[in-house]
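Note sheet for the following structure.
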Amino acid sequence: MKFQLCYASEATASDKHILNDLRNILNEARHFNIKHNVHGALFFADRYFFQCIEGEQSIVENLVVKLYRDSRHMDIRILSRNPIEQMHFSQWSMKYVSRNSQVQQFFRQKGFDYFEPLKLNEQDLPEFLTLLYDAKAVEV
């Protein structure tokens, strides 16, 4: 059985350096994930990261330990930790989804003016994940 973990965090980099941090995070994740059969998606907007990681539970949990030591993130919040029967991001080592109208509309419907993943609750998360499953991957 595979495992899925989703978290949100706030970027620590200045606006001037955030694109470089985002590229580095994606490159590091893709390299590690290919080596360890981990898959996932990363969404970034309005200074917030949302990432969903899927793979063997011990590997995914070890990634979280590393995440808490990563100075590029602050206010890290684990939103879900669940066993899953099938991986939803198996086509990608790390899919990157950029700001898009569906995500903006989803957050507006929830009463937020911008992307605020730290405020997602358990009921909102599956709907948001479905948007990420179906979203087009882009390059940074």
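Points to keep in mind about this one:
- Of residues in segment 1-14 being in contact (Cβ under 8 Å) with a residue 12 or more places away in the chain and surrounded by fewer than 19 Cβ atoms within 10 Å (Cβ to Cβ), the one nearest to the chain's Cα centre (by Cα): Glu10
- Segment 42-76 - residue that is assigned to a strand (DSSP E or B) and farther than 19 Å from Leu118 by Cα and, of those, farthest from the chain's Cα centre (by Cα): Gly55
- Members of segment 87-111 that are farther than 17 Å from Leu125 by Cβ, of a type outside the set (Lys, Arg) and assigned to a loop (DSSP other than H, G, I, E, B): Ser90, Gln91, Trp92, Ser93, Met94, Ser98, Asn100
- Looking at Glu127, Glu116, just one residue is open to solvent by 40 Å² or more (accessible area, probe 1.4 Å) and either within 16 Å of Gly40 (Cβ to Cβ) or among the charged types (D, E, K, R) (or both), and that residue is Glu127.
- Residue check, Ala29 touching a residue at least 60 places away in the same chain (Cβ under 8 Å), open to solvent by less than 60 Å² (accessible area, probe 1.4 Å), of a type in the set (Gly, Ala, Ser) and out of contact with any His (no Cβ under 8 Å at 6 or more places or on another chain): yes
- Failed item, numbered, when Glu54 is tested on (1) among the acidic types (Asp, Glu); (2) more than 21 Å from Asp21 (Cβ to Cβ); (3) open to solvent by 30 Å² or more (accessible area, probe 1.4 Å): (3)
- A Cβ distance below 9 Å, combined with a sequence gap of six or more or placement on separate chains, defines the contacts here; from segment 77-106, residues that are free of Cβ contacts under 8 Å to residues at least 24 places away in the same chain and under 18 Å from His36 (Cβ atoms) reach no residue that is open to solvent by 70 Å² or more (accessible area, probe 1.4 Å) and not in a loop (DSSP other than H, G, I, E, B).
The values are calculated or read from the model by the stated rules, or taken from the named source; none is laboratory data. On a predicted model such as this, the values are computed, not experimentally measured, just so you know. So basically every Cβ, Gly included, is an ideal-geometry build from the backbone, and we count neighbours across all protein chains shown. Side chains are part of the model used for accessible areas, which takes the heavy atoms of the whole protein and leaves out ligands, DNA and RNA. Shrake-Rupley method; radii C 1.70, N 1.55, O 1.52, S 1.80 Å.
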